[in-house]
Structures are given as C-alpha cells and as structure tokens.
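Notes to accompany the following structure.
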Amino acid sequence: MRKLILLLKLQLSSLFGLSVIRSTKSAEQRKQAKRARTLSLVTVVACVVMSCFYSTIMAKAFGPLGLMNVLLMVMMMGASVIALISSIARVKSVLFGFGDYDLMMSLPVKPSTVAISRLIAFYMLDLLFAVALLIPAGVVYGTYMHPSASFYVILLVMTLFVPLIPLAIGGALGTLFGAAFAKFKFKNVLSTIVQSLFLVGIMALSFASSSIEANIGSFAEAISDKISSIYPPVTLFSRAVCDGDAGSMLLFVGISAALAALFCLMVVLGFKKLSTIMKAVYRNGKFRFKKQQGRSARVALYINEFRRYTSCTIYFLNTAFSAIIVLLAIGYIAIFGNSQVRPLLLAFTDYSQYYAPVLATVLAWLFCISPSTTACISIEGKRLWLAKLLPIKANDWFSGKILVALTFVLPVAIVASVVFPIALGLGALAIIEMLAILVPYIYFFTVLGLWINIKNHRFDWKNEQEIVKQGSPVLILMLCSMAGTILPMVLTFALGQWWVCYAASAVYLVTSIALRQRLARDAEILKQKI
Amino acid sequence: MLEITHLTKRYGGVTAAVDDLSLHVDKGDIFGFIGHNGAGKTTTLRCVAGILDFSEGEILIDGKSIKTDPIGCKQVLSYIPDNPDLYEHLTGIRYLDFLADMYGVSSGERNERITRFAGEFDIMSNLGDLIGSMSHGMKQKIAIIGALIHQPKLLLLDEPFVGLDPKAAHTLKTIMEEMVHNGSAIFFSTHVLEVAEKLCNKVAIIKNGKLMVTGDMDAVRGDNSLEELFLELTDK
C-alpha cells in the first residue's frame, strides 16, 4: 500500500506541473508550469459551465414534456462515449509500455502494484469527464424537478461507476489492438486506421435506422430509445437516478464493477507480458537500397510532419475525430437527408435564413475544437534540437504544421458545405454561405492553436497523451473555440439577425490573416525562443 | 572556420553555464573539447549549432554570424548530440532522405553517400527499419550518416564514440580524418582522453564554464599526458 501511494504521488506530481513548480530554479519554467496548472483548472471549470449550459437547454426543451430523464441519459451516454474512445487510445501510453516503464519495473515494486497505480490513473481521467458532465447536469435536473436529497447521493455514487463499463470495454479493445499490431512495422499507423474504423463503426451504428422526428417530444423519445438500444446500461442509470429504483442501481453497479474487475484482473495478471508485447519492436533487417529521389525542403517538411501526425494514434484521433464524425454525418445526410432531416427543417421555415449559418457554425465548432496545431510544437519533444539545427526557415516550419492541421479538416469541411445544402434542399447559395463561415473559422483556430502552442509549450512529456489530451494549449484552444463558435450563434438568435455569423466569420478571416502575417514576420525570433 | 568570441550563456539570468569563452577552429583542425561533467561542453556545442540562444558574445561560422545568419551557418555545419533523439516515426532511409532534402543534397549525391556510409557502418540492411525500433548504437550510426550527408564544413560532435562498437568507432575516426584532409573542421567533446590525444591536433579544456587552456595539442600537453594535464587543471 505504501509503495502504491508513492507511485500515485509520483504520477500526480507530474500532473499540472506540480514537480516543476516545486523544484525548478528557473523562474520562467515555474511561471509556465503555474500558468498551465491554472489553465487546466479554468478549463475544468469551463467544462462544468458548458455542461450546465447544454443541460439547461435540454431541460427547457424536455422538462415541459416530462422527459427530464433524457437529459441525464444523454449526458451519461456522452461521458461513456468519451470514456470508451479515450480508453482505447490511452492503453498503450498509460497502461502498458509507458514512457518510464523500464525504470518502474527495475524498482523493488511488485508489477501488480505498478499495474494498479496505472489503472487508477487510467480511471481518473475518465472519472473527471464523467463528473464534469453528470454533476452539473444533475444540478440542473434537480433545479427543475426538485427531487429528494437521495437523488444527489445516488447520482454521486452512480457517477463513480459510469466510466467503468466503457473503460473495461475500451481498455480491452485497446489492449487487443496493441497486442495484435505489436509485431507490425507500421503498427502505429495500423492502430490509427483500425481505431478510426472502429469509431466510425460506433458512430454509424448510432446513426443507423435513427429517425429524426419533427416535434421535440417524439424527438426526445427517439433519442431515449436510440441511446437505450445502443447502450442498455443508460436505462439502468436513468431508472436508478431519476426513479430511485434500487434494483436498477444494484444491477448497474454490479455489472460495472464486475466488468471493471475482470479488466483489472487481466491487466494485473498480464501486466509484464502485455507490456513486453506492446513494447516489442519490428525489425526486419532486409532492406535493399533503391535510388532515392529528392524533394524540396518545404515538401519534405510537410511530409515529415504528416508522418509524425499519423504515426501517433492518440494525436491523430484526438484531432481528426471531429472530421471523422462529420464524414459520417455527410454520409447520413446524403442518404437520409431528404427523407428524414428535411421534414424537420420544413417545420421551421420561418427560420430558413438561419439554416446555413447555424449548420456551418455547429460544424465549425466540431472542426475547431481540437486542431493538431495545439500540440504540434510540444510534440517535437526531445527531437526539438533537430528542428533547430536544420537550415529550415522558421516560417516554413510553421507552415508545414498548419498545412497538416488543415489536411483532413478542410477537405471534409468543403465536402460538408456542398453535400449538406444539396441533400437538405437549401439551395446553391447555401453552399457559399457555409463555406464563407467554415473556412475562416477553421483557418483562424488552426493558426491560433499554433500561436498558443508556440507561447505555451512543453517538451518533457513521457507519452503523447500528456500534451495531446492534457496540455494547456489544447485546453485553452478548446475554451476559445467553444466561446468563439457559440457566442456568434447566441448573438445571432439574441439579436434576431442572420448576418451575425457572417460578420464573425469576416472578423476571423481578417484576424487570421493578420495573425499569420505576424507569425511569418516574427517566425525566426519565435522559433529561437522555443 | 569557427570563431567563438566571449561566449557567455546564462541560465535563469544568473548562473553562467559558459563564461566568457573564446576559441577558434581552423579548417583542417580536429579540435578536442574536454571538461568534467557539467563543465559547459554541451552548452557550448549547442550554442555553436544554433540550438541554444546565448547571452553575450559572438559565434562566427565560415565568417557568418549564427545570430544574424543562422540558416547560412546551419547549411554548412552538422551536429551530433551525445544521445541522439531522432524522428522515431521514420525509417532510417526516410530520415536520411529528409535530412538530404533539408540540406538540398541532390539525388545522385545522397544515393552515393548513403550507400557509402551505410556500407561502412554496416547498417544498410537496417535502413528500412523504424528508428524507434533501433538500438542506441544503430541510432548513433544513423545520426552520424545524417550529419555527413551534406558534407558539412564544420562537424560538431558531443561524445561521438559513446555507444559505438569498436569497428564503427574506427570508421568514424577514419571519416573524420578524411574530412579534415578535405578542408573541413571538426569540433568535438569527449571524456575519452586517449582518443583526443590520438585524433586531435588542437585541444581546449573547460572547467565550470571557463576556458582553462587552449591551443595546439603538443603545446598544451607539453611533457605530460593529456590526462595528467586535465587532472592538474581541474583539481585546482
């Protein structure tokens, strides 16, 4: 137990830069670490605020219809999906073969103790998301429904168990993928592709045979039915928390605990073997030299950057996930748009001038929430010396990173701008309207992400998750993009003026051009200071 | 080829990792840079390579300032750190191609050099493997080939022989001698004083960031061995 606590303390000290704050002699490093810690806390608070915001909207819509349980079902589903996806992606970096694995295993500590410490760390991040989503939702629910005090106790207890099933399933899948691909040369790329396809499969399943109803009541019931059919524990959760059903609560806790225990047992018993498998390297040793062709430095930079991006599963999935979701949505709208979504739009023809800008803004929010530029400097890690040594113009280096960030996102955005209006019968003008919003938004937040990472970077990470999912630039940009997309939309409806979104887009366009020019002008100095 | 004048590098604005260092390396020199752990050798090398900014002084490479013309300087130099962290997501051949593209090396030249050096370091068959899968020694060899691919005029090496097998170490020494014979200069740090004595025609000894002595090997060493001189200077 003592050693377990020591291991947990060690992991905690590297979180939020605590060890740097305490030990570094460099005032600059301490300041940066403190800033990162503050920003992380601010972001957690902001996530809670956002959860309250969305919960309130849902409460206003579902409350009058007596369907408040749908609010908690949606939030629970959201927390579960996040836990599932993040668990699959984090297995290799957090559970097995993590950065200081060799050091840990050389210490006089039982492998099972190390495994348990990693499992706790694995669980904690998922729990954080669950708490950030469910507790605020619970408070909003409580405000509208005035339940007894036991509601809050049950909600708190149930929230602790919400991440367990997706953690067990995601963890098992991540382990399976990692072990299966361990002996392949390009295992990271393979893992990225398979995990992407898996996520596409999950999303396709949730889109499949869903029908969008033309009124809120039927819509809410449809959501409830759909969620329950995809993930039955949601129903148990809803019954336990909203209805106080003890049987449902026991069943949910029992299933969650059992699955999690099974997964933990697998990890603890197979920790050394699985870690060895995961850390296995493919070495062929049969290379035959072929004549190599040259490329320009700029093209070579872009290709290297692209290879780096796609070689890290967590980096790729965390940033390209939105594009994948939108791709699926494109497919769905192309097939079902006319028959299922268009009738819903026809029910609100008074607001037809808002269709294109609102749709574009929602898509922009998805695309802009996590551009790869927010971690593109930090991900250089210990390889930064190479970027500084080579005769590369700093501006070209930055350009390569921006281009990679746009590589997946921009084409998907353009296709969405064409398919959505056509499938939904919005007219050819809507294509231009959507492009006019999407492109400036995406470019602005991509460049902003780079700026933020230039000013706020970290190279002492042990696994990419620390900077891709937990880095302060990622969190800052997430906050900025949330505010930057939601605010224009809120203003649009508040002022009743459809052009507000376009005005915001124009501001982003001008600002992003200015930001890019400033970056180009100060590139060498900025790179030198990194 | 390399002119360092009053170089000072401070960390945190107070501690000087390198303090008022001045030395020069001419074409054809193999210059040994010797000092105890934490003396400032790596800091000096990184400042010369343009990786680290420095507080005071000037560094000229082939007449160009690393501060005002960093790209011009970097075009003609190469640096191999003591523990080369390379792009692990690339195969050996892709990494070498990438560097060749960065330095603008033509297809013909890169093919010839890769073939030659990969053959001499006996690593040709492993060039298709991911760098992340390579041992330390193999990565070191890849780093060396990468540093030589554009025929640098100034080669900076930080503990180059650590991790190399004896044959590879011998190959590197041969290449170094060939380079200086062709007019390049080499500036490298090492703890292995016997290697420095055999290989270097000039030497500098640094202690706590300050230069203790510099000059021709024979003149600096005198009648003593380099080890005796080093111990004498660093024990003061």
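Determine, yes or no, whether B:GLU228 is out of contact with any Pro (no Cβ under 9 Å at 6 or more places or on another chain) and more than 19 Å from B:MET176 (Cβ to Cβ). Before you say what the answer is, go through the steps one by one.
Values: out of contact with any Pro (no Cβ under 9 Å at 6 or more places or on another chain): yes; more than 19 Å from B:MET176 (Cβ to Cβ): yes.
Yes: the conditions hold for B:GLU228.
Condition first: facing chain A (nearest Cβ under 7 Å) and of a type in the set (Asp, Glu). Now tell me which residues in the range B:83-105 satisfy that.
Listed by number, the residues that qualify are B:ASP85, B:ASP97, B:ASP101.
Name every residue in the range B:53-82 that is part of a loop (DSSP other than H, G, I, E, B), facing chain A (nearest Cβ under 8 Å) and open to solvent by less than 20 Å² (accessible area, probe 1.4 Å), in order of residue number. Before you say what the answer is, go through the steps one by one.
Taking the range B:53-82 first, the residues part of a loop (DSSP other than H, G, I, E, B) are B:53-55, B:62-63, B:66-69, B:81-82.
Next cut, facing chain A (nearest Cβ under 8 Å) only: B:53, B:81.
Correct list: B:PRO81 only.
Given the residues A:LEU495, A:LEU491, which is the only one that is closer than 25 Å to A:VAL42 by Cα and either open to solvent by 50 Å² or more (accessible area, probe 1.4 Å) or of a type in the set (A, V, I, L, M) (or both)? Before the answer, list the steps.
Details: A:LEU495 fails: closer than 25 Å to A:VAL42 by Cα.
Within the list A:LEU495, A:LEU491, the selection yields A:LEU491.
What number of residues within the range B:10-44 are among the charged types (D, E, K, R), within 14 Å of another protein chain (Cβ to nearest Cβ) and not in a strand (DSSP E or B)? Let's see the steps before the verdict.
Step one: of the range B:10-44, the residues among the charged types (D, E, K, R) are B:10, B:19-20, B:26-27, B:29, B:41.
From what is left, the residues that are within 14 Å of another protein chain (Cβ to nearest Cβ) are B:10.
Imposing the further condition that a residue be not in a strand (DSSP E or B) reduces the set to none.
Result for the range B:10-44: 0.
Of the residues that sit in the range B:182-208 and are small (Gly, Ala, Ser) and touching a helix residue (DSSP H, G or I) at 6+ places or on another chain (Cβ under 8 Å), which one is modelled with the highest pLDDT? If you could, list the steps in order and put the result at the bottom.
Taking the range B:182-208 first, the residues small (Gly, Ala, Ser) are B:183-185, B:189, B:196, B:204.
Right, trim to touching a helix residue (DSSP H, G or I) at 6+ places or on another chain (Cβ under 8 Å) and you get B:189, B:196.
Working: B:SER189: 94, B:ALA196: 90.
In this case the residue turns out to be B:SER189.
With the requirement that a residue be buried (at least 24 other Cβ atoms within 10 Å of the Cβ) and either over 18 Å from the mean Cα position of the chain (by Cα) or basic (Lys, Arg) (or both), what does the range A:362-382 give you?
A:ILE377
Name the residue that is nearest to B:PHE98 (Cα to Cα), counting only residues in the range B:157-180 that are open to solvent by less than 10 Å² (accessible area, probe 1.4 Å) and hydrophobic (A, V, I, L, M, F, W, C).
The extreme case among them is B:LEU157.
Would a scan of the range B:133-156 turn up a residue that is closer than 25 Å to A:LEU389 by Cα, open to solvent by 20 Å² or more (accessible area, probe 1.4 Å) and among the hydroxyl-bearing types (Ser, Thr, Tyr)? Show your work before the answer.
Keep residues of the range B:133-156 that are closer than 25 Å to A:LEU389 by Cα, which gives B:133-156.
Then keep just the ones that are open to solvent by 20 Å² or more (accessible area, probe 1.4 Å); that gives B:135-136, B:138-139, B:141, B:150-151, B:153.
Subset that is among the hydroxyl-bearing types (Ser, Thr, Tyr): B:135.
There is at least one residue in the range B:133-156 that is closer than 25 Å to A:LEU389 by Cα, open to solvent by 20 Å² or more (accessible area, probe 1.4 Å) and among the hydroxyl-bearing types (Ser, Thr, Tyr).
Name the single residue that is farthest from the other protein chains (Cβ to nearest Cβ) among those in the range A:176-195 being open to solvent by less than 40 Å² (accessible area, probe 1.4 Å) and over 15 Å from A:ILE314 (Cβ atoms).
A:ALA179
Inspect all residues belonging to the range A:481-499 and state whether any of them is touching a Leu at 6+ places or on another chain (Cβ under 8 Å) and part of a helix (DSSP H, G or I).
no
So, B:VAL105, is that one farther than 30 Å from A:ILE277 by Cα, surrounded by fewer than 20 Cβ atoms within 10 Å (Cβ to Cβ) and not polar (S, T, N, Q) or not?
Numbers: farther than 30 Å from A:ILE277 by Cα: yes; surrounded by fewer than 20 Cβ atoms within 10 Å (Cβ to Cβ): no; not polar (S, T, N, Q): yes.
It is false that B:VAL105 is farther than 30 Å from A:ILE277 by Cα, surrounded by fewer than 20 Cβ atoms within 10 Å (Cβ to Cβ) and not polar (S, T, N, Q).
So, in the range A:40-70, how many residues would count as being open to solvent by 40 Å² or more (accessible area, probe 1.4 Å) and not in a helix (DSSP H, G or I)?
Selection size over the range A:40-70: 1.
Return yes when A:ALA483 is surrounded by fewer than 17 Cβ atoms within 10 Å (Cβ to Cβ) and modelled with pLDDT of 95 or more and no when it is not.
Details: surrounded by fewer than 17 Cβ atoms within 10 Å (Cβ to Cβ): yes; modelled with pLDDT of 95 or more: no.
Answer is no for this residue.
What about B:PHE117, is it outside the structural domain of B:LEU7 (by TED's automatic domain parsing) and either open to solvent by 30 Å² or more (accessible area, probe 1.4 Å) or within 20 Å of the chain's Cα centre (by Cα) (or both)?
So B:PHE117 passes the test.
Kindly evaluate A:PHE306 against the criterion of being away from chain B (no Cβ under 14 Å), closer than 16 Å to A:THR407 by Cα and either surrounded by fewer than 18 Cβ atoms within 10 Å (Cβ to Cβ) or under 15 Å from the mean Cα position of the chain (by Cα) (or both).
Numbers: away from chain B (no Cβ under 14 Å): no; closer than 16 Å to A:THR407 by Cα: yes; either surrounded by fewer than 18 Cβ atoms within 10 Å (Cβ to Cβ) or under 15 Å from the mean Cα position of the chain (by Cα) (or both): yes.
Answer is no for this residue.
So A:VAL281 passes all but one of these: (1) within 29 Å of the chain's Cα centre (by Cα); (2) not in a loop (DSSP other than H, G, I, E, B). Which condition number does it fail?
Failing condition for A:VAL281: (2).
Report those helices (runs of 4 or more DSSP H) wholly inside the range A:356-458 carrying at least 3 residues which are within 14 Å of chain B (Cβ to nearest Cβ). Steps first, answer last, please.
On the way: elements: A:384-389, A:394-423, A:428-455.
Here the list reads A:384-389, A:394-423.
The values are calculated or read from the model by the stated rules, or taken from the named source; none is laboratory data. In this text the structure is predicted, and so the values were computed from the model without any measurement. Cβ sites come from the backbone with ideal geometry, for glycine too, and all protein chains shown count toward neighbours. Accessible surface is based on the protein model in full, side chains and every heavy atom, while ligands, DNA and RNA are left aside. Shrake-Rupley method; radii C 1.70, N 1.55, O 1.52, S 1.80 Å.
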